[in-house]
1. Could you check which residue among Gln27, Gln87, Gln74 shows the biggest mean-square fluctuation in a GNM of the chain with a 10 Å Cα cutoff?
2. How much length, in nm to one decimal, is gained on full extension between His85 and Arg219, taken as 0.36 nm per residue of separation minus their Cα-Cα distance?
3. For a label point 7 Å from the Cα of Glu72 along Cα→C-beta, name the residues of segment 35-53 whose backbone N is under 12 Å from it.
4. Just check segment 22-90 against the gyration tensor rule for me: Cα atoms, a ≥ b ≥ c as the square roots of the eigenvalues, rounded for a/c under 1.5, and otherwise prolate or oblate depending on whether a/b exceeds b/c.
5. Could you point to the residue in Pro39, Thr214, Gly150 farthest towards the positive end of the chain's charge dipole, with +1 and -1 charges on the Cβ of Lys/Arg and Asp/Glu respectively?
6. How many angstrom separate the Cα center of segment 86-151 from the Cα center of segment 50-79?
7. Would you kindly state how much longer the chain becomes between Gln31 and Ala211 on full extension, computed as 0.36 nm times their sequence separation minus their alpha carbon distance, in nm to one decimal?
8. Hey, in the GNM for the chain with a 10 angstrom Cα cutoff, which one of Asp155, Asp97, Asp68 fluctuates hardest?
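Please treat every number below as a calculation from the coordinates, not as lab data. Remember, predicted model here, so these are calculated numbers, not experimental data. In this analysis, Cβ positions are derived from the backbone assuming ideal geometry, glycine residues included, and neighbour counts consider all displayed protein chains.
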Amino acid sequence: MKHFDDIKGFAFDLDGVLADTAKFHSQAWQQIAEELKIPWTPELESGIKGIDRMSSLMLILNSAGVADNYTEEQKEALAKRKNDHYQELIGTLTPDDVLPGMRKFLDELKANHLSMSIASASKNAPFILEKLAISDYFVGVVDPSKVKEGKPAPDIFAEAAKILNADPTTVIGLEDSAAGIASINAADEISVGIGDKGLLHEAKINFPSTADVTLAKVRSHLNW
Ligand code: G6P
Ligand code: MG
């Protein structure tokens with residue numbers, strides 16, 4: 001069992017953990033679903049969190065059993081259209097869109113010389129970090145196009161530990177998605193779930209919202 005003093009660094013998911021952008025992914029996909037006459041459900045709302053762009057589209061098409069009605073080319077075009085709309089939405093981000101409590105948490109980690117990396121499935125992550133003016137906190141950002149498998153596979157969080165130059169068991173991963181918690185656990189890191197505990201029950205530590213996350217609370221969960 002890890003003690004807090006063993007911890008070397010933190011690997012952060014981005015959408016829904018640092019940035020208030022999960023709502024934009026949802027909004028952009030809902031527009032596509034509506035055009036395709038596919039009903040939007042709570043399962044889709046949580047299911048698209050953490051998984052890559054094409055997997056999200058497949059989840060949506062499969063929910064209505066219509067994946068085979070589209071050619072690869074048509075699927076690529078739908079995913080591109082979603083991303084174009086998403087990029088319009090994230091173009092409006094400002095430093096105020098860092099989720100509540102998280103800038104303070106990043107400052108706490110920095111003051112305690114704990115290093116940080118980004119473990120997001122999003123190809124838009126570097127752009128969002130710039131818009132939020134938080135790029136400088138991180139020693140590196142995982143490039144999701146360079147890993148073999150997306151979340152829930154361990155690859156993205158394993159790569160985030162490498163960027164931190166730390167053994168995975170000394171890394172704490174923060175996530176708002178079930179796929180992301182599975183990725184952290186599979187990478188043998190310590191998982192922190194932020195959001196609905198029912199959906200994130202596989203996390204080692206749970207917080208109801210980003211505003212609840214403090215270094216003292218993480219520490220108290222690990223020291224016993
Ligand atoms: C994050 C989000 C997912 C999104 C994925 C890919 O993990 O939680 O909802 O599908 O990133 O994002 P991208 O910006 O590359 O389409
Ligand atoms: Mg997320």
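1. Of Gln27, Gln87, Gln74, the Gaussian network model singles out Gln74 as fluctuating most.
2. Numbers: separation 134, 0.36 × 134 = 48.24 nm, distance 3.98 nm.
Result for the pair: 44.3 nm of gain on full extension.
3. Taking a point 7 Å out along Cα→Cβ of Glu72, no residue of segment 35-53 has its backbone N under 12 Å.
4. On the way: a/c = 1.59, a/b = 1.17, b/c = 1.37.
Judged from the Cα gyration tensor, segment 22-90 comes out oblate (a/c at least 1.5, b/c at or above a/b).
5. Thr214
6. 26
7. Numbers: separation 180, 0.36 × 180 = 64.80 nm, distance 2.96 nm.
That works out to 61.8 nm of additional length.
8. Asp68
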